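Undergrad: The following block contains the structure, expressed as structure tokens.
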Amino acid sequence: MSRDEYTRRDFIRRALGLGLAAYGLGKGLKLAGGESAAEAAGKPTVVVARNRKPAELVRAAVDALGGMGKFVKRGNTVLVKPNIGWARKPEQAATTNPEVVAEVVRLCKAAGARQVKVMDHAVDRPDQVILSMTGIQAAATAAGAAVSMASSPALYERVNIKRGKALKQTDVMRDLLRADVFINVPIAKVHSSTVLTLGLKNLMGTVWDRGAWHGSASLDQAIADYLTEIKPDLVILDAVRILLTNGPKGPGRTKDLSLVAAGTDSLAVDAYGATLFGKRPEEIGHLARAREMGVGEIDLRRITIKNV
Amino acid sequence: MTYRRLRGLRRACQLLFFTAFVALFALAVYPIRTPVPPDIFLRSDPLIALSTMVSLRRIVLPLLWFALPVAGASIVLGRVFCGWVCPMGTAIDIGERVAHLRGRRPSQAPPWRRLKFYVLVGLLGMMALPVAHRSARELGLSQSVGLSAIYVMDPIALITRTFALAGTPAAQWLARYSSDTVTGWTYADFADRHPLLLRALSPVQLGLSAVARPVYFRAGLLTFAVFVGIIALGRVARRFWCRNLCPLGALLGAMGKWSALRLAVSDRCTRCLRCVNECKMGAITENPKAYLGAECIQCHACAAVCAEGAISVTLGSRQVGRETEVRLDRRRLLGSLGAGLAAAVLLKVDWGAKRSAAGVLKVSSSRLLRPPGALAEDEFVTACVRCGECMKVCPTNALQPAVGEGGLEALGTPVLVPRIGPCAQQCNACGQVCPTRAIEPFRPEEKAHLFMGTAAVNRSTCIAWSSDRTCLVCDEACSYNAISQVVENGRQAPVVHEDICVGCGICEWVCPVEPLGAIHVGSAGDRRHLSREEQRRLREMAAEPVDQTAGEAGRGGGRAEGAAGSPYPGL
């Protein structure tokens, strides 16, 4: 039974984790301020930038993670995946803030990226309307990116999800698979079927057949499974303005937070993101499932939140 | 100017208009930014104007403004439109030249040129049939409409339809094939290496797979076959279509009966018959002095080939009489009128059958979904010339030619097929390109109360209703918040609010249940028979949906109001 195997693995991981955490805590106390110690202890960091203009939020957050040069090397091809899923205006907070996307592109270019592709596979139709209405095409193109929608099955490649439970295989954007660096730039919103949509849920826009995920044994499990195979190198969560009702498409009630959270542990960033909506991360089905798969941390006590 | 030069000028003029036709057609994409209306050729067609106004029994100004000048020009100059402007005529000329179709010898060409007049009269007969207009009757008006089948024979509608249903998919396939298979470049590669090419292609949204989705139209092959058939008739006689079948040619010929532009033949004529062999229309009989005025398309090839220089084109000259015109048999004319009427009666055998308020026949398919802004069914079917502009311009490929949804009389009219594409919330392109205003122009904001139909969930196949899995994609995608979730036995499931749903079909489009979806838009909520103002008021009266799950903890709490009271309680 998978459950037995689970418990055992979980036990070992937790024992190790607790030990390391205790070690880190001690070390951290000793060093008084020790992020480096926490990092050394394997404690994921989520950087939270607040109260600036959108572009500056991104810059501050990425700088605090060590700068874009840490992720993007000269000559790299970068795939940036914002949420460009709906024909909605930026102020309706159903799609990623265009200034956030543009700044990510600029930072990648400044770090020496050869090519920055901004891509999504929208749910809404038609692509031209979505690209122009969200403001992302104009902003990201001006920043030097090639913005496009992957709206043809010819642009996808079959990927086996080796550790998948609900999702065994799925067709993934070829541009993502070929990219040197993959940056996920979701927007934080409520979602009618998955409670919230943050970074993990945003990855559903990188596959061709989302319907198969819904038809699978469990959507939450499918979302969790996908992260075992496709891991963003960096997640930049846009919470400049969040959508509180009628998500994911809206229009609904919004709230200005002027906040951007970033990190390399997709789960940790999402766990922090859940708190923006007054939710505990464990309440979000796909985050809990992903935690069980061991692809990251959602326990806020084991995540270093670094405010900048 | 010599007549040879004039011939060159005419060919240049033909090519110019043909290029303009193709360019306007290609540029008819959402959002529409063409300098002139993309449907200008259709609107300039006097036959379309005549048939629409006769069968609708009212003046349609957007048609009149463009059709009147062409009609006026035909009265003065005869069938100059056919020889210099008509894109179908040009396509036939090009086709005959490319395929070396030269027709039989003039003496052996079939003498069928009267046929086109009978076709015209027959079509007018159909339009004359008084059909009690359902929605008018319900509003207490005694208005009737006729039945127009002009679409079958009108050349401009025919060639536009061919370009739309067969040309667009073919061009896209070609572009996609060359970009995907031959070069293998992705969008970003194009953006890097050939930004100019990409920019050049983007206004026509031609098919690089990253730029546009492939389009598909049912009945595209049939349309193409008709078009090829028309050109292939050149084997029998050059411009066979224009001489024998085209009702627009018949109309323009009849209007140009007293045209001022005439051929004059001097005594130098040696009766070499070179002009007779050269005339594409077979308008010159054995005696060059007596040509058929209504058949002449003013190409002036006769004057260009005349070795003696005996033929000249004159304005208003009466010095040479011409053969009166094609002699029409009165009995046959009356016969065609009667046949047209009878055909209309037979097409309307549904008299007495039950109809919905919107005029939709209750025995037609429940999937008869019309584009927003469409006239009530009787008027719509009559006004639509099946040019395919609305289908071509539809950015989601959702508009398709009706094959059976509305019965035989509605063949080829646009229907929304949600499983192919949804009616996009922001788009109003179809209303901007309809030449006859069968789809009236509308603003995107009005779409919230232009009711095309209503969605209904099939609870036995819906993932959320019939299993314990999570799926609310229809709710997610609904542009009008017309779907919300209820909790049934602890599970979330979608429900449709019928008074808010306009039937755009995005729910059906995104539904992951293969192959046909578990939520379907039916024509039940079709409210075309009501004025926009009435529809707007109905929408305002509709209560906003209340989510049963609102405020609940855990699953479904995503919609909870005030959930974000304090942003960081967990820390």
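The values are calculated or read from the model by the stated rules, or taken from the named source; none is laboratory data. The structure presented is a predicted model; accordingly, all values stated were derived computationally and were not measured. Heads up, the Cβs are rebuilt from the backbone with ideal geometry, glycines too, and the neighbour counts pull from every protein chain shown.
Undergrad: Which residue out of A:ALA111, A:ALA142, A:ALA122 is out of contact with any Gly (no Cβ under 9 Å at 6 or more places or on another chain), surrounded by fewer than 23 Cβ atoms within 10 Å (Cβ to Cβ) and of a type outside the set (Phe, Trp, Tyr)?
TA: A:ALA142
Undergrad: Of all residues being in contact (Cβ under 8 Å) with a residue 60 or more places away in the chain and either among the aromatic types (Phe, Trp, Tyr) or within 13 Å of chain A (Cβ to nearest Cβ) (or both) in segment B:397-412, which is surrounded by the fewest Cβ atoms within 10 Å (Cβ to Cβ)? Just the residue, please.
TA: B:ASN397
Undergrad: Across segment B:500-532, which residue is farthest from A:VAL123 (Cα to Cα) among those that are among the charged types (D, E, K, R) and touching a His at 6+ places or on another chain (Cβ under 9 Å)?
TA: B:ARG532
Undergrad: Could you grab me the full set of residues in segment B:450-483 that are within 9 Å of chain A (Cβ to nearest Cβ), hydrophobic (A, V, I, L, M, F, W, C), over 27 Å from B:GLU533 (Cβ atoms) and within 37 Å of the chain's Cα centre (by Cα)?
TA: Selection gives B:LEU472, B:VAL473, B:ALA477.
Residue by residue, here is whether (1) assigned to a helix (DSSP H, G or I); (2) buried (at least 22 other Cβ atoms within 10 Å of the Cβ); (3) without any contact (Cβ under 8 Å) to a residue 24 or more places away in the chain holds:
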{"site": "B:ILE420", "(1), (2), (3)": "no, no, no"}
{"site": "B:ALA424", "(1), (2), (3)": "no, yes, no"}
{"site": "B:CYS427", "(1), (2), (3)": "no, yes, no"}
{"site": "B:GLN432", "(1), (2), (3)": "yes, yes, no"}
{"site": "B:PRO435", "(1), (2), (3)": "no, yes, no"}
{"site": "B:MET452", "(1), (2), (3)": "no, yes, no"}
{"site": "B:ALA455", "(1), (2), (3)": "no, yes, no"}
{"site": "B:ARG469", "(1), (2), (3)": "no, no, yes"}
{"site": "B:SER484", "(1), (2), (3)": "no, yes, no"}
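Undergrad: With the requirement that a residue be in a helix (DSSP H, G or I) and β-branched (Val, Ile, Thr), what does segment A:39-87 give you?
TA: Once the filter is applied, which keeps residues that are in a helix (DSSP H, G or I) and β-branched (Val, Ile, Thr), segment A:39-87 yields A:VAL58, A:VAL62.
Undergrad: Right, next: Which of the residues spanning segment A:241-267 are more than 13 Å from every other protein chain (Cβ to nearest Cβ) and not hydroxyl-bearing (Ser, Thr, Tyr)?
TA: A:VAL260, A:ALA262, A:GLY263, A:ASP265, A:LEU267, listed by residue number.
Undergrad: From the list A:GLY285, A:GLY215, A:GLY199, which one is over 17 Å from the mean Cα position of the chain (by Cα) and assigned by TED's automatic domain parsing to the domain that holds A:VAL62?
TA: Sole residue among the options that is over 17 Å from the mean Cα position of the chain (by Cα) and assigned by TED's automatic domain parsing to the domain that holds A:VAL62: A:GLY215.
Undergrad: Is there a residue being touching a residue at least 24 places away in the same chain (Cβ under 8 Å), surrounded by fewer than 19 Cβ atoms within 10 Å (Cβ to Cβ) and within 11 Å of chain B (Cβ to nearest Cβ) anywhere in segment A:270-287?
TA: Yes.
Undergrad: Something else: Quick one: what pairs do we get from segment B:266-282, first residue among the acidic types (Asp, Glu), second assigned to a loop (DSSP other than H, G, I, E, B) and surrounded by fewer than 17 Cβ atoms within 10 Å (Cβ to Cβ), C-beta under 9 Å, 6+ apart or different chains?
TA: none
Undergrad: Another one. If you go through segment A:131-167, how many residues are β-branched (Val, Ile, Thr), in contact with a strand residue (DSSP E or B) (Cβ under 7 Å, 6 or more places away or on another chain) and away from chain B (no Cβ under 11 Å)?
TA: The total comes to 3.
Undergrad: Give the residues of segment A:203-239 that are over 14 Å from A:GLN169 (Cα atoms), away from every other protein chain (no Cβ under 14 Å) and not charged (D, E, K, R), sorted by residue number.
TA: Those that are over 14 Å from A:GLN169 (Cα atoms), away from every other protein chain (no Cβ under 14 Å) and not charged (D, E, K, R): A:LEU203, A:PRO232, A:LEU234, A:VAL235, A:ILE236.
Undergrad: Which is of a type outside the set (Gly, Ala, Ser), within 29 Å of the chain's Cα centre (by Cα), at negative phi and modelled with pLDDT of 65 or more, of B:VAL486, B:VAL495, B:VAL513, B:VAL521?
TA: None of the other options fit; the residue is B:VAL521.
Undergrad: Can you go through B:GLY421, B:GLY404 and tell me which one is closer than 30 Å to B:VAL345 by Cα and within 27 Å of the chain's Cα centre (by Cα)?
TA: B:GLY404
The rows are residues; the columns are (1) touching a Lys or Arg at 6+ places or on another chain (Cβ under 7 Å); (2) within 14 Å of chain A (Cβ to nearest Cβ); (3) within 30 Å of B:PRO444 (Cβ to Cβ).
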| residue | (1), (2), (3) |
| --- | --- |
| B:PRO35 | no, no, yes |
| B:PRO46 | no, no, no |
| B:SER51 | no, no, no |
| B:LEU56 | no, no, yes |
| B:VAL60 | yes, no, yes |
| B:VAL70 | no, no, no |
| B:ALA73 | no, no, no |
| B:PHE81 | no, no, no |
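Undergrad: Further, regarding this structure: So which helices (runs of 4 or more DSSP H) stay within segment A:138-238 end to end and still have 1 or more residues that are touching a residue at least 60 places away in the same chain (Cβ under 8 Å)?
TA: Helices (runs of 4 or more DSSP H) meeting the threshold: A:174-178, A:199-202, A:219-229.
Undergrad: Check B:ILE59 against each of (1) more than 18 Å from B:GLN432 (Cα to Cα); (2) crowded, with 23+ Cβ neighbours inside 10 Å and name the one condition it does not meet.
TA: Against the list (1) more than 18 Å from B:GLN432 (Cα to Cα); (2) crowded, with 23+ Cβ neighbours inside 10 Å, B:ILE59 comes up short only on (2).
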